[in-house]
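Notes follow once the structure below has been shown.
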């Protein structure tokens, strides 16, 4: 049986305690951070060890590799990648080239990840930044307009998929208006429902994507008491109004936007309508509590999880890597200076 959760681990290799815990709990997937990354050989061994604990060679292994300030893999072993805004700046002058570069950047990221055994990237960001909001989104966004964000976000998602890596659109239904960083506090957005359409539209335009990550944000026009992650009303909006039928995962349960014990956080997110919950920091006590609050992945959630993995291409799109990297570097000459 598979548990409806995704867990991190503490270091560069699994401890005996972590391996035993994962074998017992059997999470659906895993997530890596900078603390888990040293060399290509080490990361490849870690992804294999994680999958061995659950006995599933296709178990999802996730990472946040957007580019810019959210990039867990970096020099000297992996290249730097540009921010979302950098693609938007190209697109402002040449929309077709901007789209091409967003797809190519993601295709190259997928090439990096697939070689390591990582098959899910928590990108693209579809949040629409609003003047005066917290800069937690900022240059991670693919521009300032719904249309540009949707076009470049789709191009990025297509590039990942072509390289054998699944995208996760985030942070549904929109984090761009938040005036606080949900890692540190609970943002409350009091914008009227009609005005929130701007935030929702990129997610509606990419509602065919395989996976989405929720926002730990209260939208008072939808649910005045609960953030989207634990709000049945917000999850209903995502399913019915935004038309998203893929797998919905929570953002990290250890973020300070959420309150209460970890078992309760997990239960509330799953009861609201999330398919799986995410816990990132590798803290064993917290993971043990999360495991107490999760349930077996079954029913519609299990069907969506199976459908996600079925969308992984068996063979990546052909790529002349040297030529592609040279073309990409020419488009972003200041990136590695």
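Every number in this text was worked out from the coordinates using simple rules, so none of it is lab data. No experiment lies behind these values; they were computed from the predicted model shown. For neighbour counting, all protein chains shown are included, and Cβ atoms are generated from backbone atoms with ideal geometry for every residue, glycine included.
Round to a whole angstrom and tell me the spacing of the C-alpha centers of region 264-301 and region 144-182. The distance from the Cα centre of region 264-301 to that of region 144-182 comes to 24 Å. Summary of packing: across the peptides 73-82, 281-290, the per-residue average of other C-beta atoms within 10 Å ranks them, highest first, as 281-290, 73-82. Shown here: the chain, whose C-alpha atoms stretch 50, 50, 32 Å along the first, second and third principal axes, sorted largest to smallest.
What per residue convex hull volume, in Å³, comes out for region 214-267 when only alpha-carbon positions are used? Mind showing how you got there, number by number?
On the way: hull volume 4.1 nm³, N = 54.
Per residue, the Cα convex hull of region 214-267 comes to 75 Å³.
Of the peptides 224-236, 264-276, the order by per-residue mean of other Cβ atoms within 10 Å, starting with the highest, comes out as 264-276, 224-236. In this rough spin-label picture, where each label sits 7 Å from Cα along the Cβ direction, the residue 283-residue 184 distance is 1.8 nm. Rounded, prolate or oblate: which fits region 130-202 when a ≥ b ≥ c are the square roots of the eigenvalues of the alpha-carbon gyration tensor, with rounded for a/c under 1.5 and prolate only if a/b beats b/c? Taking the square roots of the gyration eigenvalues as a ≥ b ≥ c, region 130-202 is prolate.
For the chain, what does the helix formula give at 222 nm: sum of -39500 (n - 2.57) over DSSP H segments with n ≥ 4, over the residue count, nearest 500 deg cm²/dmol? Please list the in-between numbers first.
Working: 11 runs with 132 residues, N = 337.
The helix contribution divided over the chain gives -12000 deg cm²/dmol.
For a label point 7 angstrom out from the Cα of residue 77 toward its Cβ, which stretches of region 103-121 have the backbone nitrogen within less than 19 Å? Within reach of a label on residue 77, which here means backbone N under 19 Å from a point 7 Å along Cα→Cβ, region 103-121 contributes 108-121.
Of the Cα atoms belonging to region 91-180, the radius of gyration and Dmax stand at 13.4, 40 Å. In this structure, residue 245 and residue 295 have a Cβ-Cβ separation that, at R0 = 25 Å, corresponds to a calculated FRET efficiency of about 0.75.
Using r as the Cβ-Cβ distance of residue 16 and residue 115, and R0 as 30 Å, what FRET efficiency do you calculate, to the nearest 0.05? Please report the intermediate quantities before stating the final value.
On the way: r = 28 Å, r/R0 = 0.92.
Calculated transfer efficiency: 0.65.
Prolate is the label for region 1-158, because a/c, from the alpha-carbon gyration tensor with a ≥ b ≥ c as root eigenvalues, is 1.5 or above and a/b exceeds b/c.
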